[in-house]
Every structure is written in structure tokens, then in C-alpha cells.
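Colleague: Handing you a structure now.
The values are calculated or read from the model by the stated rules, or taken from the named source; none is laboratory data. Remember, it's a predicted structure, so these values are computed and weren't measured experimentally. Please note: Cβ atoms are built from the backbone with ideal geometry, for glycine as well, and neighbour counts cover all protein chains shown.
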Amino acid sequence: MISFDLSELGVSGPILLLLGLLSLASVSVLATRILALWGVGKGRVERDEMLEKLARGEVVAVPEKGPADRVLNRAAALLEKGVSVEVLTSEMEQHGNAESHVLYRGVRFLELVGMIAPLLGLLGTVLGMIQSFRSLELAEGAANASILAGGIWQALLTTAAGLVVAIPALVGAALLTARAEVGATQIERTMVGALTSARRRMQK
């Protein structure tokens, strides 16, 4: 088993520490957002039933398990106040856009981690290589190959660490985007259904 002390890695040590902090942050964001988006696509049948009741003029409300449910309840509340279709459309667009924006929270951060982690790893490797060759120069030929090799593998460690941090972050960003798109589709579907129900309701 390979063990090392960050203080022994010279300039590469702080970069490894920073990569470790980025890894912890990205894992925390990913876990939090996965839990938040877990049931984002559920409740479609219940919402369809509520939309039918809404079109018949009944007072409806669904348990707010996700953003689409909140959009539907908002539409029902506005219709109970007797707003016009134009006002309802404007309100639904604003509310739907706000809910959709929340769905993508955390994705940009994970994408940012996925982009900068390999660059930080490369920076650590370059700085470590500079340090190793500088030590070789100062030794004026007295340093042996094993000492140089030890400095090089320590420097390359930051590149590997950067990739280890970046790959899960990018995979997590893709997973969150897929779940957010499911939720956004449900919001859009609910908005269209609410407007259709409103027009049917006003025609009666």
C-alpha cells in the first residue's frame, strides 16, 4: 500500500488538498440533488385526474411532491380567483420557469469541477516536475535516478487525482441533467394541461 504525507509533495501538496476539498464538495452536491430530484417524474396520473376536475370547474389540490405539483396548485389557485387565460398564461410561464431553474441547481457546479480538476492536476504535475528538475540541477549531478523518479511520480500523482475528481463530477452532472429534464418536461406538460383546462372551464 502506498502512503505519503502531503508535506512531502512540495508544491503538489496544496493542489492535492484543494482537489480533495473539491471532491468532497462535488459528492455532497451530487448526493443532495439526487435526493431532491428522486421523485421528480412521479404523480403524472394524479395530475391528469386533477386537470380533468379543474376543467369541470371543481376545486382541486394535489400533494406537492414535486415542482409539477406546485405548478398545478398555483394554476388551480389562480383559476379560483377568476383570472383570465392571458394572466394565467403569464403566471404559469413565470412560475414554471422558476421551478425549472431550481431543477438544474448544482449542475453547473459539477460541470465546473469537471473542467477545473484536470487542469489543477496538470498544474500540480508541472510544478512538481519543475521542482524535481530544479533539485537535480542544484545537486550538480550528485542525485541518482531513484531520487528523480520519486519526484516525478509524486508530481504525476496530481494529474491522476484531478482525473479521479473530474470523472465522477461530470458523470454526476449528466445524471442530474437527465433527471432535471424529466422534471422540466413534467412542468411543461402540466402548464399546457392547466391552460387547456382553463379554456375548457371558461367555455362552459
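Colleague: Within the range 92-106, restricting attention to residues that are in contact with a helix residue (DSSP H, G or I) (Cβ under 6 Å, 6 or more places away or on another chain) and not aromatic (Phe, Trp, Tyr), which residue is farthest from ASN73 (Cα to Cα)?
Modeller: Restricting attention to the range 92-106, the residues satisfying the condition of being in contact with a helix residue (DSSP H, G or I) (Cβ under 6 Å, 6 or more places away or on another chain) are 92, 95-96, 99-100, 103-104, 106.
This time we only want the ones that are not aromatic (Phe, Trp, Tyr), so: 92, 95-96, 99-100, 103, 106.
Numbers: MET92: 11, HIS95: 11, GLY96: 12, GLU99: 13, SER100: 16, LEU103: 18, GLY106: 26 Å.
Across the range 92-106, the extreme among qualifying residues is GLY106.
Colleague: Which condition from (1) touching a residue at least 24 places away in the same chain (Cβ under 8 Å); (2) under 19 Å from VAL182 (Cβ atoms); (3) surrounded by fewer than 20 Cβ atoms within 10 Å (Cβ to Cβ); (4) β-branched (Val, Ile, Thr) is the one that VAL40 breaks?
Modeller: That leaves (3) as the condition not met.
Colleague: Right, something else. Taking the range 92-117 as the region of interest, how many residues are in a helix (DSSP H, G or I), surrounded by 17 or more Cβ atoms within 10 Å (Cβ to Cβ) and either more than 25 Å from the chain's Cα centre (by Cα) or not charged (D, E, K, R) (or both)?
Modeller: 12
Colleague: Oh, and also: Regarding the range 67-87, can at least one residue be identified that is outside any helix (DSSP H, G or I), touching a Gly at 6+ places or on another chain (Cβ under 7 Å) and outside the structural domain of VAL171 (by TED's automatic domain parsing)?
Modeller: Within the range 67-87, the first condition is being outside any helix (DSSP H, G or I), and the residues that meet it are 81-84.
Those still in the list that are touching a Gly at 6+ places or on another chain (Cβ under 7 Å) too: none.
Taking every residue of the range 67-87 in turn, none turns out to be outside any helix (DSSP H, G or I), touching a Gly at 6+ places or on another chain (Cβ under 7 Å) and outside the structural domain of VAL171 (by TED's automatic domain parsing).
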